[in-house]
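Beneath this line is the structure, given in structure tokens, with notes to follow.
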Protein chains: 2
Amino acid sequence: MSLRAVKPQHETRTRILDAAEELFMLHGFEGTSMRLLTSRAGVNLAAVNYHFGSKDALIEALFRRRLDPMNAARIAELERIETEAKGRTLVPEEIIRAFVGQSLRLIEDTKSGGRSFIRLLGRTYTEPAKAIRALIGQLYAPTMERYKAALERALPHMPREELVWRMHFMFGTLSYTLAATDAVQLIAGCKPEDRYDARLLEDRLTAFLAAGLNAPLKTSVRKAA
Amino acid sequence: MSLRAVKPQHETRTRILDAAEELFMLHGFEGTSMRLLTSRAGVNLAAVNYHFGSKDALIEALFRRRLDPMNAARIAELERIETEAKGRTLVPEEIIRAFVGQSLRLIEDTKSGGRSFIRLLGRTYTEPAKAIRALIGQLYAPTMERYKAALERALPHMPREELVWRMHFMFGTLSYTLAATDAVQLIAGCKPEDRYDARLLEDRLTAFLAAGLNAPLKTSVRKAA
DNA sequence: GTCTATATCATGATAGAC
DNA sequence: GTCTATCATGATATAGAC
């Protein structure tokens, strides 16, 4: 009873953000109405506009709340393994693991809603609304630059254009894996409790991506143009 | 002038489907209103309900129009290379190329709207609306079963669970690549006209996926549970 | 088959009392 | 900060003339 009785300062904001993560993941942005959102959050209909200004501003706040620390953690992790290597050149697999690990570990976080967000995030990379894609791209840009530079050092002989494509593929695999965690059942039966073991998934995904990134370079394109 | 004057039997249906592909890709399903859709198609507001029954039925018709022949082509292509091999076991790369090739070749088809559809399709694998995901899964099921069986023959020593995961990763990479064709610019500058060369993309993607699928199996999970 | 006109409802946002 | 009541808009769907 004391659980609901006390209301800390910004609890309303937090309740709205938490409910939004879950509902946007389930029904999409356009498919989630303010009425459903506020009633799920247990707050008044007008609260979203009071606290955030508009639905769009709520979406932006939602992404910033999670992405800013996640990307900071990704950069910190990369710097950590770089200093730990003491001058040795990193292998691509180490870099990939640093990148994907930060997303995947949130999957295990069901308590604070991290999993909802991470699934929403995967879904949103292909979001049609231009404003949302632009926001995501902007929040990601520094991290992507940092990792691209690291991979260029790890793969000095790979043509830059090929590396960009392979990073694109890797990003896609991660996004889809995060978003479509229930689609595995389409391919074959898995015990649901296994599907979210982040450590196991991290190993599987890292092995797959590292092999793809290191795929042999064709000496030439299949047929000269 | 004769171009618009004559109206073949089912031209209205086709005009609606073509406009829907483009608009759903740009704004999503919920973000595309019937008013925008019918005015873009140059037909009356009531035409969608007359010809399809409802917006949802239109979406279903849209997917069936493209997916049924595409998946039939995928199965036919697999059977073609299997008979052509005359008993030799196919390598995974041949199977992968057969699968991704059918999607990618539609990218070059700007004339009849194939590219719009293929981008829409990639976006829709992570669509939150359960009914749409269920429809897609149902339309894909026979193809996936067929390719899974082919890959099991090509990789007899791979544990079935690992293969399912790697197929999941491959499917994700393809989906994202199809959906987010403009996201490459986030990573680095590419000349836009290069980005849609389907043959080049097919080579790049197939090399990446084949390497990932063939990634060495860890002798054990990183740490025993 | 195609159109106009409209019914019915849900949406995001706001005004103003408390 | 929170509430109720409401506005203006735009949604899907349909009825009925042509």
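Just so you know, all these numbers are worked out from the coordinates, no wet-lab data involved. In this text the structure is predicted, and so the values were computed from the model without any measurement. Neighbour counts are summed over all protein chains in view; Cβ atoms, including those assigned to glycine, are modelled from backbone coordinates with ideal geometry.
Quick notes on this structure:
- The range A:133-164: trypsin sites (Lys or Arg not before Pro) in DSSP loop, at most 13 other beta carbons within 10 Å: none
- For the range A:22-38, 3J(HN,Hα) per residue [Karplus equation, 6.51 cos²θ - 1.76 cosθ + 1.60, θ = phi - 60°, Hz, x = Gly/Pro]: 5, 6, 4, 5, 6, 10, x, 6, 6, x, 9, 8, 4, 5, 4, 4, 5
- Electrostatic tally near A:S112: other residues with Cβ closer than 13 Å to its Cβ, Lys and Arg +1, Asp and Glu -1, net +1.
- Overall Cα dimensions of the range B:29-80 - principal axes, largest extent first, Å: 45, 20, 19
- Diffusion constant of chain A at 10 °C, which comes from Stokes-Einstein with the Kirkwood Cα-pair radius and 1.306 mPa s, µm²/s: 81
- The protein assembly as shown - charge dipole about Cα centre, Lys and Arg +1 at Cβ, Asp and Glu -1, debye rounded to 20: 340
- Inter-chain Cβ neighbour count for A:157-169, averaged per residue, equals 5 (cutoff 10 Å, partner chain atoms only).
- Here B:E11 yields copy-to-copy label distances, from shortest upward, of 6.5 nm, the label point defined as 7 Å from Cα along Cα to C-beta.
- Average projected area [Cα convex hull, the protein assembly as shown], square nanometres: 26.8
- The range B:59-130 - Rg and Dmax from Cα coordinates, angstrom: 14.4, 44
- Structure-based [θ]222 nm, the protein assembly as shown - -39500 (n - 2.57) summed over DSSP H runs of at least 4, per residue, nearest 500: -22500 deg cm²/dmol
- FRET efficiency for B:A73 and A:I75, using Cβ-Cβ distance with R0 set to 41 Å, rounded to 0.05: 0.40
- Across the range B:155-163, computed HN-Hα scalar couplings (Karplus, 6.51 cos²θ - 1.76 cosθ + 1.60, θ = phi - 60°) run 10, x, 9, 7, x, 4, 5, 5, 4 Hz from first to last residue, x flagging Gly and Pro.
- Gyration tensor analysis over the Cα atoms of the range A:1-135 returns equivalent ellipsoid semi-axes of 33, 18, 13 Å (largest first, whole Å).
- Links that overshoot a 28 Å alpha carbon limit, given the list A:K218/B:K148; A:K130/B:K130; A:K218/B:K218; A:K55/A:K148; A:K55/B:K130; A:K86/A:K218: A:K55/A:K148; A:K86/A:K218
- Note on the range A:89-171: Cα Rg divided by 2.2 N^0.38 Å, N the number of residues, gives 1.23.
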